[in-house]
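Right, one structure below, let's go through it.
The values are calculated or read from the model by the stated rules, or taken from the named source; none is laboratory data. Every value quoted in this text rests on a predicted model; they were computed, and no experiment measured them. Glycine gets a Cβ as well: all are built from the backbone with ideal geometry, and neighbour counts include every protein chain shown.
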Amino acid sequence: MSDLHKNRLLEEFQAYLEQADLSQAVSDEQPDLNTLLSEMAGLKSEVKAQSRHFKSTLDTLSETLTSVQADNKALSAALEANNAGLQQLRNETLRSVLLDMVDIYDRLSTGFNVLQNYNPVSGLFGHSKKQDVNFIDSFKEGQAMTLKRFEQLLQTYHVYPIDCVGKPLDPHTMRAVEIGQNSKLDNGTVIEELRKGFLLQDQVLRLAEVKVNKI
């Protein structure tokens with residue numbers, strides 16, 4: 001760049017500085033103290049307002065969370081009570097059905113015992129027909145199979161007969177309905193089972209009715 005060109009640029013810059021209002025530029029860039037304090041006060045008020053709003057939001061969220069936790073606790077308690085009620089209803093229904101089943105088992109057992117005690121007529125003046133005897137034997141075999149299947153079904157539901165005969169009377173599982181005398185047995189010993197009792201797992205489903213020895 002030539003000296004002539006440099007001198008021209010310096011002259012133009014000097015002319016610009018002479019024409020420019022530097023006081024206005026300084027005034028625009030640097031506000032007075034009152035304006036600055038006013039802006040700071042406004043900013044402080046805005047921060048306080050935002051802080052109050054934030055605190056209000058936090059309080060609302062906290063109350064909402066507390067309410068949700070209380071609702072969840074109440075819902076859990078209600079579900080637990082409902083499940084307990086359903087389980088109790090299920091147990092009562094199952095117990096009722098199983099009692100009906102053991103009553104049917106009693107009838108089958110009675111019929112089977114009758115067949116077991118059946119003896120064909122054989123004598124001078126009469127005897128049972130062979131076809132009748134065969135029918136009774138077949139029916140007896142069928143009853144035995146049915147009883148066996150019924151016992152297996154009861155065991156599926158953990159229902160087992162109470163062992164009574166020859167054991168001391170247990171008032172928790174047995175009920176004495178008759179008294180017998182047998183000098184060879186101890187007092188209070190079960191002589192005979194009159195109606196079979198059953199346990200459902202470790203609970204009594206039905207008391208056994210027994211004859212008890214009393215000397």
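Quick check on segment 158-211: of everything there that is basic (Lys, Arg) and in contact (Cβ under 8 Å) with a residue 24 or more places away in the chain, which residue is nearest to Thr93 (Cα to Cα)?
Out of the qualifying residues, it is Arg206.
Here is a check on your reading of the model: is Lys167 loosely packed, with under 12 Cβ neighbours inside 10 Å and under 46 Å from the mean Cα position of the chain (by Cα)?
no
Can you tell me which residue among Ile191, Ile179 is outside the structural domain of Glu92 (by TED's automatic domain parsing), among the aliphatic types (A, V, I, L, M) and surrounded by fewer than 16 Cβ atoms within 10 Å (Cβ to Cβ)? I'd like the intermediate steps shown before the answer.
Details: Ile191 fails: surrounded by fewer than 16 Cβ atoms within 10 Å (Cβ to Cβ).
Going through Ile191, Ile179 in turn, the sole match is Ile179.
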